[in-house]
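One structure, as structure tokens, below. Some questions next.
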Amino acid sequence: MRRTPTWPIHLVLLVVSAAMVTPLYWVLKTSITGDNIFAYPPALFPRHVHLYYYVDVWYYIPFVRFLVNSTLVSLIVVVGNVVFNAMAGYALTLAFRGKRAVVLLLLSCMMIPFQATIIPAYLITKELRLLNTHLGLALPLCSTIVCIFVFKAAFDAVPRSLIDAARIDGLGDLRILARIMLPLSTAAVATNVILAFIWSWNNFLWPLIVVRNQEMQTLPLALSTFLSYLENTTGALYAFCIMVLIPGVLVFALAQKQFVEGLTSGATKG
Amino acid sequence: MRGILLNRYTVVFGAMAVSVIAWNLYVATHSAGRIAGRVVGPDGRAVAGATVTLREKTLTTLEPRAAAQTDDAGGFVFAGQRAHHFVLEAAKDGVGKSERAAYRLAFRGQSLSISEPLRLQP
């Protein structure tokens, strides 16, 4: 049998990959050269490379403060997502009256954009006196429906006999979740951690509404403020973008295998 | 134990921690903030008694930070400077003034010896 050549697919993948990497490359190149992005013809390769724009960002703004804020908020969001979503996902694997309605309700809620619920979210946060706090910044992202279903799919794949055996041994639901379900669903946990981290890290709209002073700003919010200071900061602005991007890229690169496993688990049978 | 040490999370975050500590140690031991240079006249000879002004470049403006007089050899020194991006300008009555020259440092307080002299122009 004649084998189909793979090079056309590889060629297409190469072109697509290059198209996807080019903007990131351009941001990185501008951050180490300060080249005018509107210059024509554009320089494909960096010349006169230096890291002074990174130094500018470090000293011109309280970068460490923003980094700490973003890290704290992301940590709260990650912990909240793993705990609450695991509980909700586990509950959806059990049989109870109205389960179908709950699943339908959750699925339908996924179709409501966050922008539509931002006023009630603000009012609730205000009533809880959490405006301009790290917890208030993290609260709306502490549980996400997509991640609940990631956990549900992973828990559904755990054999029922294991849970029944645990029940016979006297374990309650919380201990079954902590001792059996979560250790057997590391890919789902990794997916939750990565998604929660990236969503929280890149979140702009909610911090813009909740934050009242500069000390509480997160990195995306600080980036927009930095952009508004003055126009002659092309290199520094792009250096700031890279500094904001690095943690998310790092987390994804380190856990990408589990991330992909977590997203695809439950997608196939057998 | 070997597995934990060679784990990619341990390696990556460990390397980052070591780099940060090493960089901070380097900065702490090299932050005298000594900026030295020379001023020459239009003929290339050293100019004594010229005033050199150091302005720090902030996000929006140039803030005057210090001034120094050149010695007989045309040399000037600023000590304890904390600017990482600054502009130097030299001037002397009757001789002229130099163009503004911008300098960047890798960290605040880094010492710098400027090889290219500031040249006064009438």
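Out of the stretch B:78-122, which residues are farther than 18 Å from A:ASP56 by Cα, surrounded by fewer than 18 Cβ atoms within 10 Å (Cβ to Cβ) and within 11 Å of the chain's Cα centre (by Cα)?
B:ALA79, B:GLY80, B:SER113, B:ILE114
Inside the stretch A:189-239, can you point out the residues that are free of Cβ contacts under 8 Å to residues at least 24 places away in the same chain and among the aromatic types (Phe, Trp, Tyr)?
A:PHE204, A:TYR229, listed by residue number.
If you don't mind, another one. Collect the residues in the stretch A:33-82 that are within 14 Å of chain B (Cβ to nearest Cβ) and over 20 Å from A:MET216 (Cα atoms), keeping them in residue-number order. Break it down stepwise before answering.
Filtering the stretch A:33-82 down to residues within 14 Å of chain B (Cβ to nearest Cβ) leaves A:33-34, A:48-64, A:67, A:71.
Across the stretch A:33-82, the qualifying residues are A:THR33, A:GLY34, A:HIS48, A:VAL49, A:HIS50, A:LEU51, A:TYR52, A:TYR53, A:TYR54, A:VAL55, A:ASP56.
If A:VAL210 passes every condition in (1) loosely packed, with under 15 Cβ neighbours inside 10 Å; (2) more than 14 Å from chain B (Cβ to nearest Cβ) but one, which one does it miss?
Exception for A:VAL210: condition (1).
One line per residue, one yes/no per condition, for (1) under 28 Å from A:PHE114 (Cα atoms); (2) polar (S, T, N, Q):
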| position | (1), (2) |
| --- | --- |
| A:ILE180 | no, no |
| A:VAL189 | yes, no |
| A:TRP206 | yes, no |
| A:GLN214 | yes, yes |
| A:THR218 | yes, yes |
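Quick check, is A:ILE118 closer than 20 Å to A:VAL150 by Cα and hydrophobic (A, V, I, L, M, F, W, C)?
Details: closer than 20 Å to A:VAL150 by Cα: no; hydrophobic (A, V, I, L, M, F, W, C): yes.
No; evaluated as a whole, the condition is false for this residue.
A quick yes/no check of all residues on (1) hydrophobic (A, V, I, L, M, F, W, C); (2) crowded, with 16+ Cβ neighbours inside 10 Å:
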{"residue": "A:PHE155", "(1), (2)": "yes, yes"}
{"residue": "A:PRO159", "(1), (2)": "no, no"}
{"residue": "A:LEU162", "(1), (2)": "yes, no"}
{"residue": "A:GLY170", "(1), (2)": "no, no"}
{"residue": "A:ARG175", "(1), (2)": "no, no"}
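From A:MET110, A:MET181, grab the single residue that is out of contact with any Lys or Arg (no Cβ under 9 Å at 6 or more places or on another chain), surrounded by fewer than 19 Cβ atoms within 10 Å (Cβ to Cβ) and aliphatic (A, V, I, L, M). Don't jump to the end; show me each part of the working.
Details: A:MET181 fails: surrounded by fewer than 19 Cβ atoms within 10 Å (Cβ to Cβ).
None of the other options fit; the residue is A:MET110.
Which numbered condition trips up A:PHE96, out of (1) at pLDDT below 95; (2) over 30 Å from A:LEU162 (Cβ atoms)?
Every condition holds for A:PHE96 apart from (2).
Of all residues in the stretch B:84-109, which are facing chain A (nearest Cβ under 9 Å) and out of contact with any Phe, Trp or Tyr (no Cβ under 7 Å at 6 or more places or on another chain)?
B:HIS85, B:LEU105, B:ALA106, B:PHE107
May I ask you to list the residues in the stretch A:99-144 that are of a type in the set (A, V, I, L, M, F, W, C), within 23 Å of A:VAL78 (Cβ to Cβ) and not in a loop (DSSP other than H, G, I, E, B)?
A:LEU106, A:CYS109, A:PHE114, A:ILE118, A:ALA121, A:ILE124, A:LEU135, A:LEU137, A:ALA138, A:LEU139, A:LEU141
Sticking with this one: Could you look through the stretch A:232-250, keep only residues that are modelled with pLDDT under 85 and within 11 Å of chain B (Cβ to nearest Cβ), and pick out the one that is nearest to the chain's Cα centre (by Cα)?
Filtering the stretch A:232-250 for residues modelled with pLDDT under 85 gives A:232-234.
Still in the list and also within 11 Å of chain B (Cβ to nearest Cβ): A:232-233.
Numbers: A:ASN232: 31, A:THR233: 28 Å.
Among them, the one singled out is A:THR233.
Let me ask something else. Take the stretch A:255-269 and flag every residue that is surrounded by 13 or more Cβ atoms within 10 Å (Cβ to Cβ) and either polar (S, T, N, Q) or modelled with pLDDT of 65 or more (or both). Before you say what the answer is, go through the steps one by one.
If we filter the stretch A:255-269 for residues that are surrounded by 13 or more Cβ atoms within 10 Å (Cβ to Cβ), which is where we start, we get A:255, A:258-263, A:265-266.
Passing the criteria: A:ALA255, A:GLN258, A:PHE259, A:VAL260, A:GLU261, A:GLY262, A:LEU263, A:SER265.
From the list A:LEU250, A:LEU221, A:LEU195, pick out the single residue that is touching a Cys at 6+ places or on another chain (Cβ under 7 Å), among the aliphatic types (A, V, I, L, M) and under 26 Å from A:PRO140 (Cβ atoms). Explain how you work it out, then say what you get.
On the way: A:LEU250 fails: touching a Cys at 6+ places or on another chain (Cβ under 7 Å); A:LEU221 fails: touching a Cys at 6+ places or on another chain (Cβ under 7 Å).
None of the others qualify; the one that does is A:LEU195.
Then there is this: If I ask for residues that are within 14 Å of chain A (Cβ to nearest Cβ) and surrounded by 16 or more Cβ atoms within 10 Å (Cβ to Cβ), which ones from the stretch B:34-61 would you list?
Residues of the stretch B:34-61 that are within 14 Å of chain A (Cβ to nearest Cβ), as a first pass: B:56-61.
Within the stretch B:34-61, B:GLU56, B:LYS57 qualify.
While we're here: Within the stretch A:151-166, which residues are among the aliphatic types (A, V, I, L, M), within 22 Å of A:ALA255 (Cβ to Cβ) and assigned to a helix (DSSP H, G or I)?
Initial filter on the stretch A:151-166 (among the aliphatic types (A, V, I, L, M)): A:153-154, A:157-158, A:162-163, A:165-166.
Those left that are additionally within 22 Å of A:ALA255 (Cβ to Cβ): A:153-154, A:157-158.
Across the stretch A:151-166, the qualifying residues are A:ALA153, A:ALA154.
List the helices (runs of 4 or more DSSP H) that sit entirely inside the stretch A:1-97 and contain at least 2 residues that are more than 24 Å from B:TRP23 (Cα to Cα). Walk me through it before giving the result.
Working: elements: A:7-33, A:52-60, A:63-93.
The qualifying helices (runs of 4 or more DSSP H) are A:7-33, A:63-93.
The values are calculated or read from the model by the stated rules, or taken from the named source; none is laboratory data. These figures come from a predicted structure and were not determined experimentally. Reconstructed Cβ throughout: ideal geometry from the backbone, glycine too, with neighbour counts over all protein chains shown.
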